[in-house]
Amino acid sequence: MINIAAAMANLGKRVLLVDADPQCNLTSYLVDSEVVDNWLDESDGPNGTTIWSALKPFSDGMGNLLRIQPTERQEGVFLIPGDIQLSKFETDLTQIWVECFQRKLHGFKGVTAISEIVNNAATDNDIDFVFYDVGPNIGPLNRAILLDCDYFIVPAACDLFSVRALKTLGKSLHDWILDWQVISQLAPDNIYLLPGRPTFLGYILQKFRMYGGNITSEFSAYAARLEKTAYSDISVVLREIDKNLAKATLQNKLGQVKDFSNLVPLSQTQGEPFFNVAGGNATMKNEAKTEFRSIAKNIITLTQKDKGAS
Amino acid sequence: MKKVLGVKLLRKIDALTAYYVANRSLFNRSLINLEGYVKDSPTLNSLIHSTKFRTKEPDHLKDKLIRKAIKAAEQGQEFAITPENLFVVINDLAGYRILHLHTTQFQEIDVELKRIFAEEAWTIIEGPTARTWDDESREYFSSIGTTTLPHPNLYTSVHYVIQPNSKITCELQVRTLMEEVWGEVDHTINYPHKTDSVACKEQIKALARATSTCSRLVDSIFTSYRDYQTTSNLASSKTKKTPPKKR
């Protein structure tokens with residue numbers, strides 16, 4: 001995600017990354033651990049800067065969301081840091097969802113809270129694209145986030161788990177979108193609601209090896225299965241609801257990111273995209289730059305709107 | 001002369017009915033939400049005997065639309081119901097009913113209902129309107145500021161039309177248990193199609209009078225009971241024999 005965000009920034013777009021995974025991997029990836037620790041220690045207070053800091057007053061029943069400012073990680077790339085305490089809010093979201101069905105105002109406020117926080121930060125910083133980083137699960141937090149997204153992108157590794165995960169994701173999204181349609185139709189007039197129409201933008205193939213310009217045979221079988229599953233278990237399922245939620249084609253691969261072996265640890269320690277790390281193989285860095293630039297361009301062309309999200 | 005509706009119009013009515021069926025769960029959900037508010041209110045719980053709710057049977061909607069189409073044709077007007085306005089024009093697709101014991105409880109029920117609707121952001125677009133043919137009953141509703149309407153069939157009930165949002169409407173009825181008896185008998189015999197039996201019509205009219213008398217009697221019993229409680233409390237507090245019972 002940081003590679004795509006950096007590539008987009010290089011293309012002149014302003015990107016906001018939202019770490020919506022209570023594990024905070026994205027934040028830890030981008031920011032020194034001491035700084036992250038400090039943020040997490042202070043996130044309960046009035047000067048907190050994480051996503052939880054913004055949510056806390058609402059979660060405590062003490063009032064409105066706090067308006068937080070994201071940090072600019074590199075030119076054009078902003079970050080709303082994650083927080084372990086986001087998992088508390090995830091617990092609340094289960095009840096909040098029930099309240100939405102009961103048409104309770106507290107429910108609507110709760111389910112749109114993250115959306116509002118992110119919209120505020122995006123407006124304040126003139127953001128073109130918002131990317132949510134989410135944990136690999138189908139819990140109530142990801143439900144609220146995916147229903148806030150205009151688009152979603154699936155990072156798919158060449159393994160059996162990813163093939164299975166696509167199926168689960170497609171089914172869950174289908175149910176969430178339909179539930180949200182009911183909730184929106186019951187909602188009072190003039191209340192802020194999630195858009196509730198996440199469009200499938202495609203998947204990005206990951207974690208495979210190349211040999212002589214081709215994906216090696218052990219991974220190519222999975223790559224073929226992923227292509228099929230992405231179509232049958234996501235595109236087809238979403239198109240049952242609305243033809244515009246996915247394309248009627250097998251070609252949903254936005255790009256492929258091979259195993260850039262030694263660039264990964266360098267990138268992780270430096271908090272830089274693959275193609276900007278100090279050291280590492282120059283050919284590989286160039287390859288990475290070309291691939292991510294192509295993915296970024298694909299996303300920009302496919303969305304042609306102000307806000308995209310993954 | 002019997003009017004016949006064209007195939008095109010009948011298809012339109014079928015499509016409207018199908019549209020309702022596809023969205024029926026929204027009405028059901030709204031009623032469940034209403035039930036939740038009512039059951040959560042201690043004030044209403046102390047005043048109400050019971051509640052019931054239902055969404056309209058699709059066949060009954062179809063009948064109603066056909067009747068409306070025939071009426072429009074007779075008056076030389078166009079049948080103007082579309083999927084966009086169906087849920088607002090037909091406002092009894094979701095019906096919620098509150099039953100209580102005696103007439104004068106209505107005032108407190110009304111105050112509490114209005115409080116709930118304000119709190120939960122529901123809009124009252126019509127009512128409360130008391131349909132009543134009895135002079136004394138009309139006098140009571142007028143005295144508490146509730147609009148009254150006569151009803152040719154001797155029907156008695158208070159109606160509200162409420163909206164969770166501008167897309168959906170629900171009908172809310174408040175009536176006494178006595179009125180419910182008459183209403184249920186009348187409904188069973190006369191709905192969806194009115195009976196032609198003169199005897200039944202006559203008896204239902206007579207039942208309305210008996211019901212009104214029973215309602216009046218129940219009201220009177222409660223008035224007497226309140227009066228008795230007040231005077232006996234006054235008497236016991238004067239003599240200071242035993243402390244008054246707390247209720």
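A few remarks follow.
- Estimated from the Cβ-Cβ distance and a Förster radius of 30 angstrom, the FRET efficiency linking A:Gln304 and A:Asn190 is about 0.55.
- Based on C-alpha pairs under 8 angstrom that are at least 6 apart in sequence, the stretch A:173-302 has a relative contact order of 24 percent.
- Projecting label points 7 angstrom from Cα along Cα→Cβ for A:Lys167 and B:Arg209 puts them 7.3 nm apart.
- A simple rule links phi to the HN-Hα coupling: the Karplus curve 6.51 cos²θ - 1.76 cosθ + 1.60 with θ = phi - 60°, which for the stretch A:287-299 gives 4, 4, 4, 4, 5, 5, 5, 5, 5, 4, 5, 4, 5 Hz, with x for Gly and Pro.
- Taking a Cβ cut-off of under 9 Å around A:Ile177, the surrounding Lys, Arg, Asp and Glu residues balance to a net charge of -2, with basic ones at +1 and acidic ones at -1.
- Overall Cα dimensions of the protein assembly as shown - principal axes, largest extent first, Å: 98, 77, 38
- Label-point gap, in nm, between B:Asp135 and A:Glu240 - each point 7 angstrom along Cα→Cβ: 6.6
- Mean Cα-pair separation over length for chain A, i.e. relative contact order, pairs under 8 Å, 6 or more apart, %: 21
- With θ taken as phi - 60° and the Karplus curve 6.51 cos²θ - 1.76 cosθ + 1.60 applied, the whole-hertz 3J(HN,Hα) list for the stretch A:55-62 is 7, 3, x, 5, 4, 7, x, 9 Hz, x standing for glycine and proline.
- Net length available on complete extension from A:Ile84 to A:Gln69 is 3.5 nm, with 0.36 nm assigned per residue and the Cα-Cα distance removed.
- Considering only B:Ile204, B:Ile168, B:Ile189, the Gaussian network model of chain B with Cα springs below 10 Å gives its largest mean-square fluctuation to B:Ile189.
- At R0 = 35 Å, FRET efficiency that the Cβ-Cβ distance of B:Lys201 and B:Ser50 yields, to 0.05: 0.75
- Length-normalised contact order for the stretch A:135-213 - Cα pairs under 8 Å, 6+ apart - percent: 53
- Scaling against 2.2 N^0.38 Å puts the C-alpha radius of gyration of the stretch A:1-148 at 1.01.
- If the Kirkwood radius is taken over C-alpha pairs of chain B, then at 4 °C and 1.567 mPa s the Stokes-Einstein diffusion coefficient equals 63 µm²/s.
- Using the Cβ-Cβ distance between B:Val111 and B:Lys194 with R0 set to 45 Å, the FRET efficiency works out to roughly 0.80.
- Note, ³J(HN,Hα) from phi for the stretch B:14-25, Karplus 6.51, -1.76, 1.60, rounded to Hz, x at Gly and Pro: 4, 5, 5, 5, 5, 5, 5, 4, 5, 10, 4, 4
- Qualifying GluC sites (Glu not before Pro) for the stretch B:35-123 [loop in DSSP, other Cβ within 10 Å: at most 13]: B:Glu78
- Bridgeable aspartates and glutamates around A:Lys258 (alpha carbons under 17 Å apart, same-chain partners fewer than 8 residues away excluded): A:Asp159, A:Glu218, A:Glu227, A:Glu287, A:Glu291.
- Fluctuation leader among A:Val154, A:Val163, A:Val182 - chain A, Gaussian network, Cα springs under 10 angstrom: A:Val182
- Candidates A:Glu291, A:Glu240, A:Glu116, ranked by Gaussian network fluctuation over chain A, Cα under 10 Å, top entry: A:Glu240
- Convex hull of the stretch B:64-175 built on C-alpha atoms - directionally averaged projected area, nm²: 8.2
- Nonlocal Lys pairs with alpha-carbon distance under 28 Å, the stretch A:1-148 (8 or more apart, or different chains): 5
- Subtracting the Cα-Cα distance of B:Ile221 and B:Glu35 from their residue separation scaled by 0.36 nm leaves 64.0 nm.
- Shape call, chain A: gyration tensor on alpha carbons, a/c limit 1.5: oblate
- Net charge of Cβ neighbours under 11 Å - reference A:Ser53; Lys, Arg +1; Asp, Glu -1: -1
- For the stretch B:111-247, the equivalent ellipsoid derived from the Cα gyration tensor has semi-axes of 35, 25, 12 Å, listed largest first.
- Diffusion of the stretch B:94-158 by Stokes-Einstein, at 20 °C in a medium of 1.002 mPa s and with Rh set to the Kirkwood radius over alpha-carbon pairs, works out to 168 µm²/s.
Here, each number is a calculation from the coordinates, and none is a lab measurement. In this text, all values refer to a predicted model and were calculated from it rather than measured experimentally. Every residue, glycine as well, gets a Cβ built from its backbone with ideal geometry; the counts of neighbours run over all protein chains shown.
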